[in-house]
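Comments concern the structure below.
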Amino acid sequence: MSGLLKKRPSKLNKKLPAKIADIAKPTVDKPNSTLKPINNQFSKLLSVTKYLPAGARSSILSKAFGKVVPYVGTTGVYYETVEPNQVVVSLNNSKAVQNHIGSIHAVAITLLAETATGFILGLNLPSDRVLLIKSYSVNFYRPIKKGQMAAIASLSDEQRLDILNTPKGEMVIPCVIHDRESDSERDPIVVEMTWAWIPKSELEARRQGKANEKSVEADTKVESKETEQDSQSAANDDEAVVNK
């Protein structure tokens with residue numbers, strides 16, 4: 001995620017996603033916090049944009065984060081709230097993300113939940129660590145409407161401190177999915193996203209270890225081939241002597 005601050009868009013997109021202005025309202029109470037944000041690339045970007053109007057700030061963050069994770073950026077995920085204690089992302093029901101019955105595709109909804117939980121963990125990780133998705137489950141309990149979906153990920157101060165003080169660990173990040181055009185009291189989807197984090201040095205060591213293993217394997221194959229060639233050459237020499 002290096003160079004995050006450099007990827008801020010130079011121009012604001014004045015056009016907000018459809019219906020964002022009308023329905024972008026708190027759907028889950030935001031946890032109260034007395035903790036200061038940790039110093040990482042995300043918090044730096046948030047501090048740069050914190051005095052902007054809400055709509056402009058969300059547009060900038062959506063563009064910037066969309067460049068950090070290009071695949072997420074292609075789906076049109078919109079970052080409504082990005083704070084250490086709560087991240088709210090939404091997705092409009094556009095043709096590109098629809099399923100066969102005209103609602104948002106299950107995979108797109110899963111991506112929405114993964115984005116919300118991943119970014120709230122990223123906001124609370126020191127810069128010397130890296131986050132990795134470990135497992136997730138998604139259960140659909142009723143048909144969803146054809147409108148906008150939102151994912152709300154929240155962390156308490158206690159959870160944030162646990163992340164900060166644990167160099168290597170894992171956590172189920174709480175996430176709620178909202179079907180914003182439905183008046184049903186029954187949750188449409190229940191998700192469980194388990195994230196892990198490890199020191200960047202450990203990740204690099206693991207990658208280097210695999211690279212070394214491949215190098216040793218390649219060297220072994222070369223040596224084996226050379227030995228086979230030497231044996232064949234010696235056999236040919238012996239045969240030549242016998243024939244003489």
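The values are calculated or read from the model by the stated rules, or taken from the named source; none is laboratory data. From a predicted model like this one, the values you see are computed outputs, not experimental measurements. Every residue, glycine among them, receives a Cβ derived from its backbone with ideal geometry; neighbour counts consider all protein chains shown. These area figures cover heavy atoms from the full protein model, side chains too; ligands, DNA and RNA do not enter into them. Shrake-Rupley method; radii C 1.70, N 1.55, O 1.52, S 1.80 Å.
Figures for the structure shown
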| quantity | calculated |
| --- | --- |
| Surface accessible to a 1.4 Å probe, per residue, for the residues of segment 32-110, Å² | 49 |
| Segment 118-147: chymotrypsin sites (Phe, Trp or Tyr not before Pro) in DSSP coil with no more than 16 other Cβ atoms inside 10 Å | 141 |
| Above-threshold pairs, the threshold being 18 Å between Cα atoms, out of 168/200; 36/168; 44/134; 134/168 | 36/168; 44/134 |
| Most to least accessible of 44, 36 (protein chains only, probe 1.4 Å) | 36, 44 |
| Calculated Rg and Dmax of segment 60-203 using C-alpha coordinates, Å | 15.3, 48 |
| Protein accessible area in segment 42-118, 1.4 Å probe - carbon and sulfur % | 60 |
